[in-house]
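Values in this text are rule-based calculations from the coordinates and carry no lab data. Note that this is a predicted model, so its numbers are computed, not measured. For neighbour counting, all protein chains shown are included, and Cβ atoms are generated from backbone atoms with ideal geometry for every residue, glycine included.
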Amino acid sequence: MRSAAKSAVRATFAVLALVAAVSATPARAEKRLALVVGNNAYESVPKLEKAVNDAKAVSSSLQSLGFQVQLATDLNRRDFIRQLSAFMDKVSAGDLALIYYAGHGIEVRGVNYILPTDIPPVKQGQESLLTGEAVQTEKIITDLQDRGARASVFVLDACRDNPFKTGTTRSLGGVRGLAQGTPPEGVFVLYSAGVGQAALDRMSDSDADPNSVFTRVFLKEVQKKENTLVAIAKSTQVAVRDLSLTVSHTQVPAYYDQIIGQLYLASDGAAPAKSAQEAPVASNKPARPPVVASLPPQPSQPKPSQPVARAVFNNRAFNDFLKRQPQMVRADLANPNAVANCDRLASYGSDVPDSRAPRVRRDDIRVKEALPACVAAILQEPGTPRLRAQLARALLDAPAKRDKVAGLDMLLDLAKDGYPAAMWRIGICYYGGELLKENKRAAAFWFRQAADKGLGAAMSDLAYLYERGEGVEKDGVEAARWFERAAAGGHPGGMRNYALVLDQGEAVPRNPKQSAEYLLTAFRMGSPDARESLFKKHASWQADTRAQVQELLREFGFQVGRTDGEFDGNTFTALEALRASNPINAGRVE
């Protein structure tokens with residue numbers, strides 16, 4: 001187990017989660033509240049050096065932005081829960097709530113946890129002990145949502161090296177990295193490093209900066225009051241990547257934008273959000289033409305002096321559909337399983353970060369069942385965009401052209417609202433000529449819109465267009481860049497593709513170790529292409545990359561025997577054991 005003094009890498013991740021919520025209370029002046037926690041003094045796992053410094057720096061920065069800050073350091077589990085409870089009690093409907101945590105974190109079977117200072121020593125086979133003593137990150141986000149805040153921000157800066165790794169026995173959890181998060185609708189997520197990457201603690205042993213590499217950049221960017229949260233994420237991503245490359249390290253922060261409208265963290269940076277969502281009701285307005293099959297114009301961006309922070313969804317296309325199908329508004333509206341049924345019958349799966357069920361293949365969608373289920377779900381939760389996206393997905397497979405057009409129209413409404421999965425799906429329609437005239441340039445436009453909002457599937461598809469020169473000028477370096485972003489964001493297909501780019505070394509310098517890491521992570525996430533690469537097409541990969549796969553399997557505690565790049569029965573057994581014992585998002589990939 002390396003100490004912080006022995007290495008310049010403190011593997012950290014940051015999650016910046018923005019949860020847009022609907023407030024039913026009268027308009028009032030919002031409170032801006034922040035809970036900031038930093039843990040250094042661990043008892044049974046390696047101590048940290050900069051987590052408390054990072055927390056104090058973030059606390060000061062947030063105070064300058066207009067937040068009331070509750071700062072706490074070196075918390076055991078009981079004190080951490082008490083601090084969380086006290087903070088949650090302060091949050092009311094319409095407030096802006098922010099939580100920042102710096103310290104150790106770990107992924108176990110696809111779920112991310114943060115560790116209090118008194119986490120006990122645990123080893124492989126004691127997962128229930130760890131998960132019982134740690135705090136699940138998704139639960140914190142859910143608790144904030146339940147408070148009804150107008151928006152909630154969650155910044156998580158936690159150690160990415162497995163603090164329980166022994167080097168001689170099978171580790172509990174992954175060797176490094178966290179699982180791809182499953183953010184709920186209205187959530188903005190920013191990681192300080194991509195899935196499978198280690199985030200630098202400092203540039204070198206002589207680096208005297210008191211903050212981690214990600215945090216020092218983030219602190220500068222967050223002070224730019226005129227920038228939206230998306231702009232902050234993009235500029236942080238570029239700056240951290242460029243800075244890490246100066247010391248031959250790859251660190252690409254990944255982000256996911258699942259919000260409607262824009263958010264400004266500074267108290268004087270944003271206009272107040274509207275307090276209610278547009279309810280789906282029958283409309284007497286004539287329907288607009290469903291779509292013009294030509295390249296759409298570049299959307300105009302709001303000026304800094306006129307920021308947008310709306311939280312209202314455009315349900316026009318859905319209302320028009322209901323007007324034509326009134327029989328679908330029926331007793332199913334009261335069905336407590338309506339949302340789960342819509343997810344079960346029409347889910348996009350892991351291609352969409354906010355999916356709640358395994359992917360349903362398009363050929364397997366039962367349209368007659370999916371349509372009423374998703375209509376009932378939308379009427380119950382009109383502010384949940386994934387449900388309308390799933391309804392649109394089912395409508396695109398309906399036999400009647402009018403229904404197909406309605407599905408496409410719903411996607412256009414969602415895209416206008418800023419929902420990335422809808423943008424990506426419109427791009428697919430243009431690419432394949434589905435309802436729209438085939439237009440590779442328009443496909444590239446929509447893929448880029450979704451990719452800019454952090455959708456891994458769109459990043460991977462945009463990279464494919466650059467690789468082939470379809471709709472854009474052929475550019476292998478640009479393709480590699482988008483594959484890298486998709487991989488860092490945790491998209492399994494992007495991971496496998498970027499692993500291949502790193503293995504071949506044509507568009508970027510060869511990196512067998514990183515190639516192996518991405519390939520194995522994609523395999524753990526259930527990627528069928530990664531599995532085929534490891535079990536059937538391993539001979540097509542470079543020998544040193546295959547050797548690194550075996551070395552990683554040994555590091556995980558599964559590989560026995562050779563690590564020379566020649567796969568044998570021991571290697572295949574080790575791969576199966578790895579996948580069975582520590583999957584990520586199992587069953588989410590088609």
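Data overview
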read-out: Cα coordinate range in segment 365-430, projected on the principal axes (Å, largest first); value: 27, 27, 17
read-out: Dmax and Rg, reported as Rg then Dmax, of segment 515-590 (C-alpha, Å); value: 11.3, 33
read-out: Per-peptide average of other Cβ atoms within 10 Å, ordering 113-121, 398-406, 248-256 highest first; value: 248-256, 113-121, 398-406
read-out: Exceeding the 32 Å Cα-Cα cut-off - candidates K225/K440; K50/K513; K437/K474; K50/K139; value: K225/K440
read-out: Tensor-based shape of segment 436-507 (alpha-carbon gyration tensor, a/c under 1.5 rounded, otherwise prolate or oblate); value: oblate
read-out: Along principal axes, Cα extents of segment 325-416, largest first, whole Å; value: 30, 28, 28
read-out: Proportion of all alpha-carbon pairs of segment 497-543 beyond 14 Å (%); value: 43
read-out: Gain upon complete extension [R402, Q223; 0.36 nm per residue less C-alpha separation]; value: 59.5 nm
read-out: Label-to-label distance, nm, for residues given as Q68 and A577 (7 Å Cα→Cβ offset); value: 5.5
read-out: Solution diffusion estimate, µm²/s, Stokes-Einstein, segment 47-161, Kirkwood Rh from C-alpha pairs, 4 °C, viscosity 1.567 mPa s; value: 86
read-out: Packing rank of 45-53, 486-494, where each peptide gets the mean count of other beta carbons within 10 Å, highest leading; value: 486-494, 45-53
read-out: Inter-label distance for V367 and Q542, nm, one decimal - labels placed 7 Å from Cα along Cα-to-Cβ; value: 4.9
read-out: Ranked K453, K437, K31, criterion: other C-beta atoms within 10 Å, fewest first; value: K437, K31, K453
read-out: Segment 32-109: radius of gyration and largest Cα-Cα distance (Dmax), Å; value: 13.2, 40
read-out: Förster radius 22 Å - calculated FRET efficiency between Q504 and D452 (Cβ-Cβ, nearest 0.05); value: 0.25
read-out: Approximate shape of segment 456-581 as ellipsoid semi-axes (Cα gyration tensor, √5λ), whole Å, largest first; value: 27, 14, 11
read-out: Length released on extending from V329 to T246, taking residue separation times 0.36 nm less the Cα-Cα span; value: 23.9 nm
